[in-house]
Every structure is written in structure tokens, then in C-alpha cells.
Amino acid sequence: MAVERTLSIIKPDAVAKNVIGQIYTRFENAGLKIVAAQMRHLNRAEAEGFYAVHKARPFFKDLVDFMISGPVMIQVLEGENAVLKHRDLMGATDPKKADKGTIRADFADSIDANAVHGSDSAENAATEIAYFFATKNIHSR
Ligand code: UDP
């Protein structure tokens, strides 16, 4: 299986709940390595740019407002099948529909405040990683 990279964001609700470490432990236990990380309080332009693909969606403004409501923890995860493995750990977008034991089932409050973001394809992962990280700041190991 191919070693991949994916972009993960621990959203403001989960940072506020002080569960960064618990979420990192789930990544590590699943064989995903954190190869880059930064804590950031995004501004509106940064959040709008990141979610540009959702610009026409009715929830876009609320999503951006939420993403700039507090600091986020952004990381690059690396490992075999990282994109899908990370999505499995996250669970469904709506925490009410997320499988038991997933990050969203355990830490998310609602579809808006749903604890984590994860790239949904290898192609999008490359774009999202480049949005936040220079190649020299990613430490493959
Ligand atoms: N979102 C929302 N309302 C919706 C659908 C999505 O607030 O009805 C937000 C939610 O925070 C979600 C993000 O928009 O995580 C991106 O949506 P997507 O469908 O890409 O879900 P994800 O890939 O995050 O599971």
C-alpha cells in the first residue's frame, strides 16, 4: 500500500475542549505520523481560501465564522493509506451519524462544530497541505 500524506485540522471546538493530545494519540495508534504541525488563529481570508470549494454552499459563512472563532491545530499526517485511514478515524461529517469510537462521535457537538477536518482525496490533500505548509517544514520520517 502507498505511503500518503493528508491534512488534518483540529477545529476550534476541539482545541477549546483541550483534546489535542487525545486526538493525536488516535493518529499515532493508527500508524499515522505527525510530520508537520502549527497552531494558528486563522483570519477570514485564510479560512475562506481554504474552504473556497464550499463558497456557494448555504453553510459557507457559518463555517468560516466558526473556523475563525478560535485557534486551530493544523497537521500533516503521513502513513500507509493516510487519507482514508484518517477519514475513518474522523467519522461522518454529522457526529450524530458517526460510528461509535470515532473522533467526531466522541468529541464533536454538531455538524457545524464537528471537531476535525481531513482531506477527502490524495489530490485535495496535496493542495490543502501546500496551503499551510512549505515543503521544507514537512519532516518525513
Ligand atoms: N458543514 C456544515 N453543514 C453542513 C455540511 C457541512 O456546517 O450541512 C461544515 C462541516 O463543518 C464540515 C465542513 O462544512 O466539516 C465541510 O463539509 P464536507 O461535506 O466537506 O465534510 P467533511 O469532509 O468535513 O466531513
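Things to note:
- Within the stretch 97-141, the set of residues being on the phi > 0 side of the Ramachandran plot and over 15 Å from the mean Cα position of the chain (by Cα) comprises Gly101 only.
- Of everything in the stretch 57-96 that is more than 18 Å from Ile111 (Cα to Cα) and among the aliphatic types (A, V, I, L, M), the residue that is nearest to the chain's Cα centre (by Cα) is Ile74.
- Filter result for Ala130 (part of a loop (DSSP other than H, G, I, E, B) and among the aliphatic types (A, V, I, L, M)): no
Bear in mind these aren't lab numbers, they're just calculated from the coordinates by the rules spelled out. Here the structure is a predicted model, which means the values were calculated and not measured.
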